[in-house]
Amino acid sequence: MTSFPGAIVLGLENAIGLTVVRELGEHGVPVHGVARNAHSVGAASRYCTQSLLRPPGPAALWLPEMIARTGAGAVLAVSESDLLELADLPPTIGDCHILVPRPDRLAKVIDKFCTLDIAEKAGLRVPQTWQPQPGEDFAARVAAMRYPLVAKWANPPAVLQILEQAGLEWLKTEYIRTPQALTALLDRYAPIGRWPLIQQYCEGVGLGQMLYMDEGRATLRFQHRRLHEWPPEGGVSTLCRAEPTERHGEQMALSEQLLRALDWDGQAMVEYRYEPDSGRYWLMEVNGRFWGSLPLARHCGAHFAWEAYRRTVLGQRDLAPPPRDDLRARYMVPETKRLMRLWITPGRIGDPFFKRRPIRDLIDYVLGFFDPAARYYVLTLSDPRPWVRDMTQMLRKAVRREKR
């Protein structure tokens, strides 16, 4: 039996939370999972010692009692909303460590414009970016921007309720090709006096560099390249591969420098668009929570949740062992939806710059099942029940849609 204190994990609803549960459980940490739904995929894992339904109300009302009852030594969270809520709590409750960023640090990475400003001062290449403000000369700005452009909200949690009250849809990303299209977007949001961040469109492939920072130095590093996303033009990574450690070394050093400039502690992914032909790296954002492609990192031995736990709870100071860099990971449900979108409804792809390769993607999809380097976000032979639950819920949803 392990003598490690348990860990409370908030958020078992997706593959990220499932991965955190598996990672800690494989290292012998008893995991008390807190889910909003009794049928959450992470709750089915053999490594989830106890599955608890999330009590109503803010965490400050029920978490201290849960910590006392479970004897947990750490609390980890998956969603940005939970990070924001837990960040307002003390860093420790009794002997339990709240393993989330402090509010001032979290605020800097959630605000994309703030992150880009700090990054540019730290020597990173950032795309031309404009945050519209009331009273500005929009016409001059529209004329000065380098098209095409991408619009995305700098701080989504701060604007979601405002958009809902105004009857406006929250769009994660919009693509803008002309000054006329930008003017129309600005007019759309004028009634609420809030506008998304307007950013130069950067070509290339998605590159994520993940680091665990402890007192200004990286104790664990991993990097991957995004191959597919859902939706196809950008979103959740559905197929990704590890990048060899000898590649992008100078950029990894810049990523570490950026996280030091942000005074960051804990795990983070620095996201880039990388242009292989020119060798340029364009910073997109810093993701200060556990990210969508965390299953690939786990399969490769880059255990970021365990790194946070062992360094903080157990006081271990040695560097983490170097991870593998020869695997790829597939998120099969959205990867299948992506293929269907490419074949059946290509007109719904929002990015006008996305290049369709339906035949090539179909062949790669089939051959991927025979790839010895392929791993999966949810399915593992050592812990199959989450996959069974995921498939069962997907079939139930399909049946409900048919009955409508």
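For residue 375, nonlocal amide neighbours, meaning residues 5 or more places apart or on other chains whose placed amide H falls under 5 Å from its own, are 328, 329, 330.
Between residue 190 and residue 349, full extension at 0.36 nm per residue minus the direct alpha carbon distance yields a gain of 54.6 nm. Listed values for segment 79-88 are Karplus-derived 3J(HN,Hα) couplings in whole Hz (6.51 cos²θ - 1.76 cosθ + 1.60, θ = phi - 60°), namely 7, 5, 5, 5, 4, 4, 5, 6, 4, 7, and x replaces Gly and Pro. Rg and Dmax of segment 1-159, both derived from C-alpha coordinates alone, stand at 20.2, 67 Å. The computed mean projected area of the Cα convex hull in nm² for the structure shown corresponds, within (i) 24.9; (ii) 18.0; (iii) 21.3, to (iii).
Label sites at residue 88 and residue 340, each approximated as a point 7 angstrom past Cα along Cα to Cβ, lie 4.0 nm apart. Based on the alpha-carbon gyration tensor of segment 54-98 and its eigenvalue square roots a ≥ b ≥ c, which shape applies: rounded if a/c is under 1.5, prolate if not and a/b is larger than b/c, or oblate? The shape class here is oblate. Rolling a 1.4 angstrom probe over the chain with all protein chains present gives an accessible area of which 54% lies on carbon and sulfur atoms. Please name which of 175, 130, 41 has its Cα lying farthest along the dipole of the chain towards the positive end, using unit charges on Cβ (Lys, Arg +1; Asp, Glu -1) and the Cα centre as origin. The residue sitting farthest along the positive end of the dipole is 41.
Rounded to the nearest whole Hz, the Karplus-based 3J(HN,Hα) values (6.51 cos²θ - 1.76 cosθ + 1.60, θ = phi - 60°) of segment 108-119 follow the sequence 5, 8, 5, 7, 4, 5, 5, 4, 5, 5, 5, 5, with x at glycine and proline.
Build a GNM of the chain with springs between Cα atoms under 10 Å apart, and of 273, 221, 105 the one that fluctuates most is 105. Counting only alpha carbon atoms, the long axis of helix 179-189 and the longest principal axis of the chain meet at about 60°. The calculated FRET efficiency for the pair residue 318 and residue 68, based on their C-beta separation and a Förster distance of 25 Å, comes to about 0.20. Remark on residue 280: its backbone amide H falls under 5 Å from those of 275, a criterion applied only to residues 5 or more positions apart or on other chains, H modelled at 1.01 Å from N.
For the residue pairs 108/337; 108/152; 112/172, the alpha carbons lie more than 22 Å apart in 108/337.
Using θ = phi - 60° and the Karplus form 6.51 cos²θ - 1.76 cosθ + 1.60, what ³J(HN,Hα) does each residue of segment 381-389 get, whole Hz, x for Gly and Pro? Result, ordered by residue: 5, 7, 8, x, 4, x, 5, 4, 5 Hz. Using the heavy atoms of the protein chains alone and a 1.4 angstrom probe, what is the accessible area of segment 158-205 per residue in square angstrom? Value returned for segment 158-205: 56 Å² of accessible area per residue.
Shown is the FRET efficiency for residue 61 and residue 399, computed with R0 = 30 Å from the Cβ-Cβ distance and rounded to the nearest 0.05: 0.20.
On the beta carbon distance between residue 356 and residue 263, with R0 = 56 Å, the FRET formula returns roughly 0.85.
The values are calculated or read from the model by the stated rules, or taken from the named source; none is laboratory data. Bear in mind that the values here come from a model prediction, so they are computed numbers and not experimental data. Note that we place each Cβ from the backbone using ideal geometry, even for glycine, and neighbour counts take in every protein chain shown. Accessible surface areas use protein heavy atoms only, side chains included; no ligands, DNA or RNA. Shrake-Rupley method; radii C 1.70, N 1.55, O 1.52, S 1.80 Å.
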